[in-house]
Amino acid sequence: MLALESARLGSELPLLLVAGEEGSSVQERYAPMRRLLAEDDELFLKKLGFKEAAKTLRRKHRSCYFCYITCLGREIRTARKLGTLAMSSKENWSFWTLLARTVISESSLLYLRWLGYRHALGVNVAARDVQECLDFLFVGPRFRLVTT
């Protein structure tokens, strides 16, 4: 059903789809990512004297963050496959469009992973950095993601 819909839409298919009208938006689904690397909760627990609990929480937050990245990557790659299918079915093949979408999405995913690795090394990561990368993915200059 999605393949037929993507073929109908053609090469203007957005980079990421939202299944169903009542489903949550892409931005809502991945919004927790920006908070998972913040150190607020960890500092609060340390202030209360729970250093081990703070370390455990930091590790669990990072684990959840990487799970979000895995899901986001899977969703983006599926949408790119549907876009490729749409282009080929309408014989409107554009290698440069496909390459640009691939480079932008994969480099954004790589940057999000890099932020997670920095967090693992003990470097504080600003929620703003995660948010800016997600905003670029979801409402970037040319490659908007459907967020309704």
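Checking 59, 101, 34 one by one, the residue that is among the charged types (D, E, K, R), modelled with pLDDT of 90 or more and either under 18 Å from residue 135 (Cα atoms) or assigned to a helix (DSSP H, G or I) (or both) is 59 and no other. Residue pairs whose Cβ atoms lie under 8 Å apart, sitting 6 or more positions apart in sequence or on different chains, and linking a residue in region 104-117 that is more than 12 Å from residue 134 (Cα to Cα) to a partner that is buried (at least 20 other Cβ atoms within 10 Å of the Cβ) and modelled with pLDDT of 95 or more, are 116/65.
Among the residues in region 77-90, are any modelled with pLDDT of 90 or more, in a helix (DSSP H, G or I) and out of contact with any Cys (no Cβ under 7 Å at 6 or more places or on another chain)? Reasoning before the result, please.
Of all residues in region 77-90, those modelled with pLDDT of 90 or more come to none.
The answer is no; no qualifying residue exists.
Which of (1) within 17 Å of residue 138 (Cα to Cα); (2) more than 22 Å from the chain's Cα centre (by Cα) is the odd one out, the single condition residue 69 does not satisfy? With (1) within 17 Å of residue 138 (Cα to Cα); (2) more than 22 Å from the chain's Cα centre (by Cα) applied to residue 69, the lone miss is (2).
Where residues in region 88-108 are touching a Phe, Trp or Tyr at 6+ places or on another chain (Cβ under 9 Å) and not small (Gly, Ala, Ser), which of them is surrounded by the fewest Cβ atoms within 10 Å (Cβ to Cβ)? Please lay out each step first, then the result.
Let us first name the residues in region 88-108 that are touching a Phe, Trp or Tyr at 6+ places or on another chain (Cβ under 9 Å), namely 100-101, 104-105, 108.
Retained after the next criterion (residues that are not small (Gly, Ala, Ser)): 101, 104.
Details: 101: 20, 104: 18.
Restricting to residues being touching a Phe, Trp or Tyr at 6+ places or on another chain (Cβ under 9 Å) and not small (Gly, Ala, Ser), the top hit is 104.
Only a single item in (1) surrounded by 17 or more Cβ atoms within 10 Å (Cβ to Cβ); (2) at pLDDT below 90 is not met by residue 136, and it is number (1).
The values are calculated or read from the model by the stated rules, or taken from the named source; none is laboratory data. A quick note: this is a predicted structure, and the numbers were derived from the prediction, not measured. No Cβ is skipped: glycine too gets one built from the backbone with ideal geometry, and neighbour counts run over all protein chains shown.
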